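Working notes, structure below.
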Amino acid sequence: MESQYIFTGRDDYPSCHAVTLAALQDGSLAAAWFAGSKESAEDSAILGSIKPAGSPSWSPPSVWVNVHQRAAGNPRLFAGPDDNLWLIAPINYGTWCQGGSRLFLKRSPDGGHSWTDLELFWEQPGILGKNKPLRTRAGTWLVPVENEVTWSPGFLRSEDQGRHWQLIMIDCRERVIQPTVAERPDGSLLSLARSWEGFVYAMESRDDGKTWTQPQPTELPNNNSGIDMVGLSSGNLVLVYNRAGLGAGTRPDGQQAWGPRSPLNIALSSDGGHTWDHDRELEQGPATSDYAASLTNIAVPSAHEYSYPAVIARDGLIHAAYTHHRTAIKHVALTEAELQSSPAGPLE
């Protein structure tokens with residue numbers, strides 16, 4: 001396994017979070033994340049970096065999105081339907097995490113070196129998300145989203161290469177957000193999602209994402225923090241998540257506390273996500289207390305926080321990136337064989 005930092009905090013951007021990864025046609029990798037004085041701050045922007053094919057290191061970060069006095073949220077990078085690199089960028093126009101953010105889009109024709117101006121991607125405010133889109137084998141595009149007010153998951157779905165999108169919300173009695181999605185070898189779709197219920201939730205589609213089963217809890221714990229999943233060419237699935245449940249305390253609003261964002265694990269499933277046979281630690285900190293009740297007051301550094309992973313697969317390698325103490329973005333790369341053969345405990 002190889003690991004390195006994509007970004008380490010600096011004076012103008014001391015806090016960083018919510019990385020996204022994309023593989024480019026020329027073999028390069030691209031990453032983006034938001035950074036500023038703290039989450040929700042008006043000085044936060046989306047930064048980006050490129051790791052050229054064959055290069056051992058990432059380029060110095062550049063500012064890719066910066067709207068004056070508007071906080072940027074979780075970005076999504078991916079090779080879009082028009083062969084440009086797409087960047088979905090949430091920009092906040094209200095109270096943080098209360099339905100005021102809207103999804104915008106930028107496109108790059110040259111692998112992240114230059115960008116078009118922002119355009120509105122989805123008009124309805126409060127429709128957000130975290131994880132990369134999926135293009136199914138049938139050619140349908142699915143962008144995982146959630147309604148941040150109702151705490152319900154969904155997808156933006158396009159059958160015409162991104163010219164038109166339909167919002168599909170999933171019936172859910174529990175508080176489930178930030179889905180990630182992968183296609184199984186049989187063509188069915190599996191989506192796993194973060195929840196405020198103590199477990200990762202799962203839902204399935206057998207009609208190319210038109211309809212979904214009602215989300216059900218899995219045996220995987222969830223601390224109310226982001227996860228991500230990718231399907232491999234072998235047909236196996238890889239999930240990166242915090243192997244931790246909810247906290248023991250109570251928040252000021254009476255809700256159960258979010259759990260610690262450590263350890264950060266990577267797991268592999270060979271049966272379509274029903275079980276996860278290989279589950280190893282990417283990062284492990286000391287036992288930590290309940291997570292901060294207010295995301296807008298997280299101290300930097302956020303001790304032993306390893307969170308909000310992004311994971312993709314390219315040319316036989318699994319690439320994962322994640323928040324490291326809220327002061328850095330870290331990237332690791334490993335093979336499927338390394339994950340399958342590693343002993344229990346930390347990956348080294």
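Among residues other than Ala267 with Cβ under 11 Å from its Cβ, the summed charge is -1 (Lys and Arg +1, Asp and Glu -1).
Each other residue within a Cβ distance under 11 Å of Asn242 adds +1 if Lys or Arg and -1 if Asp or Glu, for a net charge of 0. Ordering of 106-117, 122-133 by packing is 122-133, 106-117, highest average first (other Cβ atoms within 10 Å, averaged per residue). The radius of gyration of the Cα set in region 1-148, together with its Dmax, comes out at 15.0, 47 angstrom.
An ellipsoid equivalent to region 108-245, defined through the eigenvalues of its Cα gyration tensor, has semi-axes of 24, 18, 16 Å when rounded to whole angstrom and sorted largest first. Centroid-to-centroid, using Cα positions, region 174-237 and region 252-268 are 17 Å apart.
With a cut-off of 12 Å between beta carbons, the residues surrounding Tyr93 carry a summed charge of +1, where Lys and Arg count +1 and Asp and Glu -1.
Straightening the chain between Glu119 and Asp11 buys 35.9 nm, computed as 0.36 nm per residue apart minus the Cα-Cα spacing.
Highest average first, the peptides 72-80, 240-248 ordered by how many other beta carbon atoms sit within 10 Å of their residues are 72-80, 240-248. The sum of -39500 (n - 2.57) across all DSSP H runs of n ≥ 4, divided by the residue count of the chain, sets its helix-only mean residue ellipticity at 222 nm to -500 deg cm²/dmol.
Modelled label positions at Thr213 and Ala337, each set 7 Å beyond Cα in the direction of Cβ, lie 3.5 nm from each other.
Taking the average, over residues, of other Cβ atoms within 10 Å as the packing measure, peptides 55-62, 325-332 rank 325-332, 55-62 from highest down. Which whole-number percent of Cα pairs in region 182-332 have a distance greater than 27 Å? For region 182-332, the fraction of Cα-Cα distances above 27 Å is 24 percent. Percent of Cα pairs in the chain per distance bin of 10 Å, from zero to the largest separation: 6, 27, 39, 25, 4, 0.
Computed from the coordinates by the stated procedures, all read-outs in this text should not be read as laboratory data. Please read these numbers as outputs of a predicted model, since none were measured by experiment. Neighbour counts are summed over all protein chains in view; Cβ atoms, including those assigned to glycine, are modelled from backbone coordinates with ideal geometry.
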